[in-house]
Each structure stands twice: as structure tokens, then as C-alpha cells.
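The values are calculated or read from the model by the stated rules, or taken from the named source; none is laboratory data. Here the structure is a predicted model, which means the values were calculated and not measured. Using ideal geometry, Cβ is built from the backbone for each residue, glycine included, and neighbour counts are taken over all protein chains shown.
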Amino acid sequence: MTQEDEDSVERLREAWIRGGTAGPVIEELIRLKRMDEAGALARLALSSDRCQDREVVEKLLQLTGAPPPGWTDAVLAFAKNPTPEEWDNLMSFTPNEVLYQRMRNTIRILRRIGTDPNALFRCATRLGTVPDAFELVQSGEVDPETVVERGWQGPPEARAMWFGLAAEAAFARGDELGTVRLLKMAYAEATDEIGPEISVMMIRSEAGDHLQKMLDTVGIPRLDR
């Protein structure tokens, strides 16, 4: 990328920060094939109530995944049978450089049209994971046992992380007993490298007095101390 291109991006970014619209800088990043940066900026803009060109930004966000012709129809067809196998078929032949954005954008569409959250979670975590999987869990849309199932399917050293995330799913649904049970499971599987600390901190930061005492009773640490 030339210095002229860099200057153009910075000029458009500063115009947006000063109160302009996000569309021009996102469009410029897409032109320069800086798809991950364009996607991150688009999501940031859409997360704000002050986004002035939301419809434009939504369309540009989809472009960060370089969708081929007929992609929307293919996604709608997948929504009728959202299995991991069909997800693999949907994502096959996607270039590596746009796979991350295409996955995230596709999940965004599927979530918007009401696709089963448990099926979406399984797809979003089929090969690794994307942030949208965590958002689905933390919204309370995903069954905790679906997350546990994913934990058993993966490497043993990662189970503590998945079981901690399952505890977040239970917490989001108001299930205090389930939250405690799943955090105990998570610590039972913890290794020196991977534990459920992130989930514990999130739950502890929002839990009421009753759940705090339950967690203390079973030995779940207060990591803010």
C-alpha cells in the first residue's frame, strides 16, 4: 500500500471521528483489500446509536466477506437446514483471506432472520471460533448443554474454557445452580495454560449476593482480589 493510500484512509477516518459518516473510510479500506480492518470498523460504527449511515455500513460490512453471486440465496437455503455439514458446504471454496469476515457476516444474517441459535453456535465453533459465538452465548440464546457438548468434542486442554463459557450461558438464563455446577466442571478440567478465569470474572462482575455466596461456598475464586 502506498503512502498516498495510507493518507487517504487516515483523512477519511479523521473525518468520521469528527462527526462524519463511517461509509467512506470503510469503502476505502475495502478498495485496498484491508477486509479485516474494514469489517472491524464497520462493526464498531454499527454498535453506536450515532451511526448516521447504518444502511450503507451494513451493505459494506457484507462486502468485507467478498460474497459471490447468489450468496444471499445460499444463506437462506442453509437456514432451512442449519447443520454443520451444510455449513461446511456453504463455506467451501471461500478464499482464506476473506473466510473470517464471511463467517461473521453470514452468522450475522442468520441470526437476524431467526435461525436456531444452538445450530448457529455449532457452526460458529466448528473450526475454532469467532466472536459471534460468544455473543450468542452471552445473550442467553444458546443452551448451556450445547456449549458443554462442544467442549467434549474439542481437545481436552480446552475443556475448561468451553465449560466456563457454558457457565456464562447458564448465568445469562438466570440459572444460578447451573452456573455453579458448570464452573466447578470447568475448574476440574483446568490446566496451567487454560482455565475458566475470563468466564469467572464476567460472572462475578454481574452476579448478585446470593450467587456470589454460592460461588464462595464451592471455592470459585474472586479474581478481582
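Could you list all residues from region 120-145 that are among the aliphatic types (A, V, I, L, M), farther than 21 Å from Gly174 by Cα and not in a helix (DSSP H, G or I)?
Correct list: Leu127, Val130.
Could you give me the residue pairs with C-beta distances under 6 Å whose first residue belongs to region 135-159 and is touching a residue at least 12 places away in the same chain (Cβ under 8 Å), whose second residue is among the charged types (D, E, K, R) wherever it lies, and which are 6+ apart or on separate chains?
That search, which allows pairs on different chains as well, returns Val137/Glu168; Gln138/Glu168; Gly140/Arg173; Gly151/Arg159; Arg159/Glu189.
Restricting region 77-109 to residues that are of a type in the set (Val, Ile, Thr) and in a helix (DSSP H, G or I), which is surrounded by the most Cβ atoms within 10 Å (Cβ to Cβ)?
Residue satisfying both the conditions and the ranking: Thr106.
Just checking: which of the helices (runs of 4 or more DSSP H) contained wholly in region 146-225 hold 2 or more residues that are under 25 Å from Arg126 (Cα atoms)? Let's see the steps before the verdict.
Values: elements: 159-172, 176-189, 197-206, 209-217.
Hits in region 146-225: 159-172, 176-189, 197-206.
Hey, Thr217 hits all of (1) under 17 Å from the mean Cα position of the chain (by Cα); (2) at pLDDT 95 or above but one; which does it fall short on?
Result: Thr217 passes all but (1).
This table checks each residue for (1) more than 25 Å from the chain's Cα centre (by Cα); (2) outside any helix (DSSP H, G or I); (3) under 21 Å from Pro131 (Cβ atoms); (4) of a type in the set (A, V, I, L, M, F, W, C).
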| residue | (1), (2), (3), (4) |
| --- | --- |
| Glu4 | yes, no, no, no |
| Glu14 | yes, no, no, no |
| Val25 | no, no, no, yes |
| Ala40 | no, no, yes, yes |
| Gln52 | no, yes, no, no |
| Leu60 | no, no, yes, yes |
| Ala66 | no, yes, yes, yes |
| Val75 | no, no, yes, yes |
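What is the one condition in (1) free of Cβ contacts under 8 Å to residues at least 60 places away in the same chain; (2) in the same structural domain as Glu4 (by TED's automatic domain parsing); (3) not aliphatic (A, V, I, L, M) that Thr83 does not satisfy?
(2)
Could you say whether any residue in region 9-23 is in contact with a Gly (Cβ under 6 Å, 6 or more places away or on another chain) and among the charged types (D, E, K, R)?
Just the residues of region 9-23 that are in contact with a Gly (Cβ under 6 Å, 6 or more places away or on another chain), to begin with: none.
Scanning region 9-23, I find no residue that is in contact with a Gly (Cβ under 6 Å, 6 or more places away or on another chain) and among the charged types (D, E, K, R), so the answer is no.
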